[in-house]
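In what follows, a single structure is set out as structure tokens and then discussed.
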Amino acid sequence: MSVSTAAAAQTICAQLPVLGRDVTVPLVTGGEVTYAALDYAASAPALQRVWDDVAAYAPYYGSVHRGAGYLSQLSTDLFENARKTVEEFLDCRPDDQLIFTRSTTDSLNLLAAALPADCQVFVFETEHHASLLPWKDAQVTYLNAPRTPAQAVETLERALAARDPQGPALVCVTGASNVTGELWPVRELAAAAHAHGARIVLDAAQLAPHHPVSVQDLDVDWIAFSGHKLYAPFGSGVLAGRADWLQAADPYLAGGGASRKVTRREDGGVDVEWHDSAARHEAGSPNVIGAYSIASACKALTEAGFDTLVAREQHLIEKVRAGLAEVPEVRVLSLFGDDAPRVGVISFVVDGWNSSHFAAALSAEYGIGVRDGLFCAHPLVRTLLGSDPQTQGECGAPEAAPGEKSLNAIRVSFGAGTPDEHVERFVGAVRELVTKGAKWTYHTENGRCVPAV
């Protein structure tokens, strides 16, 4: 990274401040410390700008698509303009549809419900459960974890070549792993899918907050992501892409807003004419604040510039990886190897440590929030750890002796708004815990490792 780029990258924290940046938390050893939020892969803190935009709109909140009053009209315009903003952020095709949902999980379940009959679905076992599990009503082929991007493309091509070429098919793939942070070869996988007559949906939950995502450049048929990972609160998500399968499917939810016309029949039943637009799958009163918050975050990230965002994040990635590499007991998890491009998501295990115990100590003794477990990607983490499904024992006991297989992992993740001090404190805490041990006693309570009172 050049000096000028580095200087520009350092301004990201100031340009994109997040809520909670000044929150202090108590330590079991006494005193308080500014909280280091390093669990962005689960839910990123909301941008201050997003919160301010929502607060400015809140007094004008009204029913969407439901009223003739001024506030209803204003809210409807704001909701539909939010749709246009997100379409621009994703570089959608002119005839694509963008549907506001509750989350990535909701988006992919919506698409699963819209699959044509006899559709075959191809999904790698490395996927997050949100993209691994929704296809229960389709013919699903689960693909083994690849060890290189090229192997991922080869594995998919072999599977697609063996399918019935006459029926519909869908490939589901992540853009960036929520476990390793590694970027997947989305463009190449899309080309392979289309060469074999299949379509592809991109789970961009971990990609969109860190890198620019263009539906047209990547040539994907659909894209799904969540607002709460894109620095936007309020439980909203997006599914954007080809309209034909969505228009041909029954509404995801039946109700007001999805129907254009409802009439009684002489036999006592009802006939329904459904909308062909995105409204077909947005029944009920929509989450206008959630949609607006996503649009606000999209604007903020675009204006900050992804070149600067990526440079800043790469600086933090290098700092964390270099620090962990200095601790021999730490093993960083990876599918594609150390040189693979990645976003700010890093998972690791520590020899002789129970992962839940280690994460609890980071929180209680250093004020650092990370995640431990299998990260809703159980097959992938077990593949990386080489361990079979088991129940973790008491958190005070080592999870695995040195050299033995670990059962769970620890994940640190970060992005816009993460200051250098947070990752430096994290690296120092890892080193100190490994060399000196925890200062406090911990036990398992309701399935979680917590400090003993």
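Data table
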| item | result |
| --- | --- |
| Of all residues in segment 252-276 being small (Gly, Ala, Ser) and surrounded by fewer than 10 Cβ atoms within 10 Å (Cβ to Cβ), the one that is farthest from Gly241 (Cα to Cα) | Gly268 |
| Qualifying residue in segment 29-43 (condition: in a loop (DSSP other than H, G, I, E, B), touching a helix residue (DSSP H, G or I) at 6+ places or on another chain (Cβ under 7 Å), hydrophobic (A, V, I, L, M, F, W, C) and assigned by TED's automatic domain parsing to the domain that holds Val412) | yes |
| One residue from Gly257, Gly268 being touching a residue at least 12 places away in the same chain (Cβ under 8 Å) and either part of a loop (DSSP other than H, G, I, E, B) or in the same structural domain as Phe122 (by TED's automatic domain parsing) (or both) | Gly257 |
| In segment 64-105, the residues that are under 14 Å from Ala291 (Cβ atoms) and polar (S, T, N, Q) | Ser75, Thr76, Asn81, Thr85, Thr101, Ser103 |
| Residue that is modelled with the lowest pLDDT, among those in segment 371-401 that are of a type in the set (Gly, Ala, Ser) and in a loop (DSSP other than H, G, I, E, B) | Ala401 |
| Every residue from segment 113-141 that is over 13 Å from Pro168 (Cβ atoms), without any contact (Cβ under 8 Å) to a residue 60 or more places away in the chain and of a type outside the set (D, E, K, R) | Val123, Phe124, Leu133, Pro134, Val140, Thr141 |
| Of residues in segment 341-381 being more than 17 Å from the chain's Cα centre (by Cα) and among the hydroxyl-bearing types (Ser, Thr, Tyr), the one farthest from Gln206 (Cα to Cα) | Tyr366 |
| Matching entry among Glu157, Glu127, Glu88 (being among the charged types (D, E, K, R) and buried (at least 22 other Cβ atoms within 10 Å of the Cβ)) | Glu127 |
| Candidates Ala130, Ala152, Ala112, filtered to the one that is touching a helix residue (DSSP H, G or I) at 6+ places or on another chain (Cβ under 7 Å), of a type outside the set (Phe, Trp, Tyr) and closer than 22 Å to Ala240 by Cβ | Ala130 |
| Cross-chain or 6+ apart pairs with Cβ under 7 Å, segment 74-102 first and at positive phi, then among the charged types (D, E, K, R) | Asp91/Asp217 |
| Within segment 271-296, considering residues that are in a helix (DSSP H, G or I) and not hydrophobic (A, V, I, L, M, F, W, C), the one farthest from Pro116 (Cα to Cα) | Ser296 |
| Any chance Glu404 is farther than 25 Å from Leu230 by Cβ and at pLDDT 95 or above | no |
| Some residue of segment 223-236 being outside any loop (DSSP other than H, G, I, E, B), in contact with a Lys or Arg (Cβ under 7 Å, 6 or more places away or on another chain) and either at pLDDT 95 or above or assigned by TED's automatic domain parsing to the domain that holds Ala37 (or both) | no |
| Residue within segment 308-322 that is over 19 Å from Leu38 (Cβ atoms), touching a Phe, Trp or Tyr at 6+ places or on another chain (Cβ under 9 Å), of a type in the set (A, V, I, L, M) and surrounded by 17 or more Cβ atoms within 10 Å (Cβ to Cβ) present | no |
| Single unsatisfied condition, Leu16 versus (1) more than 30 Å from Ile200 (Cβ to Cβ); (2) buried (at least 16 other Cβ atoms within 10 Å of the Cβ); (3) not assigned by TED's automatic domain parsing to the domain that holds Ala360 | (3) |
| Given (1) at pLDDT 95 or above; (2) crowded, with 21+ Cβ neighbours inside 10 Å, number of the condition Arg280 does not satisfy | (1) |
| Residue list for segment 167-183, restricted to those being within 19 Å of the chain's Cα centre (by Cα), closer than 20 Å to Ala112 by Cβ and outside any strand (DSSP E or B) | Gly175, Asn178 |
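Table: residues versus (1) closer than 29 Å to Asp53 by Cβ; (2) assigned by TED's automatic domain parsing to the domain that holds Pro17; (3) buried (at least 18 other Cβ atoms within 10 Å of the Cβ).
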| residue | (1), (2), (3) |
| --- | --- |
| Ser296 | yes, no, yes |
| Leu333 | no, yes, yes |
| Asp338 | no, yes, no |
| Val343 | yes, yes, yes |
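The values are calculated or read from the model by the stated rules, or taken from the named source; none is laboratory data. The structure displayed is predicted, hence computed values, not measured ones. All Cβ positions, even for glycine, are placed from backbone atoms using ideal geometry, and neighbour counts span all protein chains on display.
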